[in-house]
Amino acid sequence: MTTAVDPYAQLRPTSPARFLYALNPLAKFVAPLPAMLALVFVRDAATPLAFAALAYLLLLIGARFTVRLAGILGLAVPLGILLIGFGLSVWTDATLVSGTGAVLQLGGWTLYAGAVQVGFATALRLGAIVVLALLPGLTTTGPDLVRSMVQQLRVPYRIGYTALAAFRFVPRFGHELDIIRQAHRVRGSHGGRGPFAAIARWSGYIVPLLAGGIRHAERVALAMDSRAFGAYPDRTERHLVPWRARDTVFVALFWLVTVALSLLLAPWGG
């Protein structure tokens with residue numbers, strides 16, 4: 001059966017090595033799920049580091065390397081771990097870790113090594129979970145995810161495609177807000193500075209933005225009605241997102257690696 005090219009699937013592999021784009025979206029969501037659940041219960045730093053390294057490796061090999069990916073993996077994630085780790089270290093109850101060595105002293109306040117260990121271990125867990133979530137997040141389109149849920153999970157297409165249509169309102173609102181701002185600048189009604197000027201400026205954006213959203217919702221509703229959306233229990237899919245053998249292999253291998261890393265590294269409940 002020949003299927004048409006999906007006009008909305010903007011993410012496409014540049015080479016056969018970029019294998020994450022060719023996987024079923026559900027496989028990329030299901031595969032890291034046990035690892036993400038395991039990271040909720042572990043207390044050490046080695047396990048989240050191992051899972052984060054695994055996710056980094058898969059993204060660097062299987063995803064298209066872009067400035068956005070480099071910024072997320074090279075700057076946003078490490079900086080977030082450092083900030084969260086330091087914040088949690090400061091907020092850790094000092095009486096629980098007073099038996100460890102002091103790392104920093106400011107007057108009567110002491111930052112203990114145990115607090116730093118607890119804070120950064122928790123931050124690493126959160127960072128590893130985020131990086132694992134980036135596997136499907138950076139290599140999956142919304143339409144493909146909805147199609148896979150409808151085709152494999154048997155989610156009613158009325159729910160899936162209605163949610164997708166609502167989700168598409170977000171970039172639409174951003175585009176219309178930019179147009180409204182440009183129109184205000186052309187008319188010279190951008191206002192001055194200060195909190196009251198900002199409130200007045202944003203109040204001038206709300207009415208045309210809501211009006212544009214209502215018009216867009218009416219057009220979408222008319223387009224869906226003209227295509228008899230919801231008239232039948234099943235919907236003919238123009239673009240198929242099948243579950244292939246490679247999806248099963250990817251999920252199975254990821255689960256095996258998850259079990260191996262968890263058993264080798266994690267002191268559960270410690």
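Is it the case that V146 is closer than 21 Å to G74 by Cα and crowded, with 21+ Cβ neighbours inside 10 Å? It is false that V146 is closer than 21 Å to G74 by Cα and crowded, with 21+ Cβ neighbours inside 10 Å. Residues that are out of contact with any helix residue (DSSP H, G or I) (no Cβ under 7 Å at 6 or more places or on another chain) and in contact (Cβ under 8 Å) with a residue 12 or more places away in the chain within region 50-67 comprise L60, I61, R64, listed in sequence order. Restricting region 152-177 to residues that are in a loop (DSSP other than H, G, I, E, B) and touching a residue at least 60 places away in the same chain (Cβ under 8 Å), the residue that is surrounded by the most Cβ atoms within 10 Å (Cβ to Cβ) is Q152. The residue of region 199-252 that is surrounded by the most Cβ atoms within 10 Å (Cβ to Cβ), among those that are among the charged types (D, E, K, R) and closer than 20 Å to R168 by Cβ, is R235.
If Y112 satisfies every condition in (1) modelled with pLDDT under 85; (2) out of contact with any strand residue (DSSP E or B) (no Cβ under 9 Å at 6 or more places or on another chain) but one, which is the exception? The one condition Y112 does not meet is (2). In the set G160, G213, only one residue is more than 30 Å from L23 (Cβ to Cβ) and modelled with pLDDT of 80 or more; that residue is G213. Of everything listed in (1) under 17 Å from the mean Cα position of the chain (by Cα); (2) part of a helix (DSSP H, G or I), the single unmet condition for V118 is (1).
T141 versus (1) buried (at least 20 other Cβ atoms within 10 Å of the Cβ); (2) under 28 Å from the mean Cα position of the chain (by Cα); (3) among the hydroxyl-bearing types (S, T, Y): which is the lone unmet condition? Among (1) buried (at least 20 other Cβ atoms within 10 Å of the Cβ); (2) under 28 Å from the mean Cα position of the chain (by Cα); (3) among the hydroxyl-bearing types (S, T, Y), the lone unmet condition for T141 is (1).
Across region 44-103, which residue is nearest to the chain's Cα centre (by Cα) among those that are of a type in the set (F, W, Y) and at pLDDT 90 or above? My answer is Y56.
For every residue, the table says whether it meets (1) in the same structural domain as L23 (by TED's automatic domain parsing); (2) outside any helix (DSSP H, G or I).
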| position | (1), (2) |
| --- | --- |
| L210 | no, no |
| E237 | no, yes |
| V249 | yes, no |
| F254 | yes, no |
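If you go through region 56-95 and pick out every residue that is in a helix (DSSP H, G or I) and within 21 Å of T139 (Cα to Cα), you end up with 19. Here L132, L111, L104 are screened, and the one residue that is crowded, with 19+ Cβ neighbours inside 10 Å and either among the acidic types (D, E) or outside any helix (DSSP H, G or I) (or both) is L111.
Considering only region 123-133, I want to know if a residue exists there that is in contact (Cβ under 8 Å) with a residue 60 or more places away in the chain and among the β-branched types (V, I, T). Within region 123-133, one or more residues are in contact (Cβ under 8 Å) with a residue 60 or more places away in the chain and among the β-branched types (V, I, T). Selection of region 111-128 for residues being in contact with a Gly (Cβ under 9 Å, 6 or more places away or on another chain) and of a type in the set (D, E, K, R) yields an empty set.
The values are calculated or read from the model by the stated rules, or taken from the named source; none is laboratory data. Because the structure is predicted, anything quoted here is derived from the model rather than measured. Neighbour counts are summed over all protein chains in view; Cβ atoms, including those assigned to glycine, are modelled from backbone coordinates with ideal geometry.
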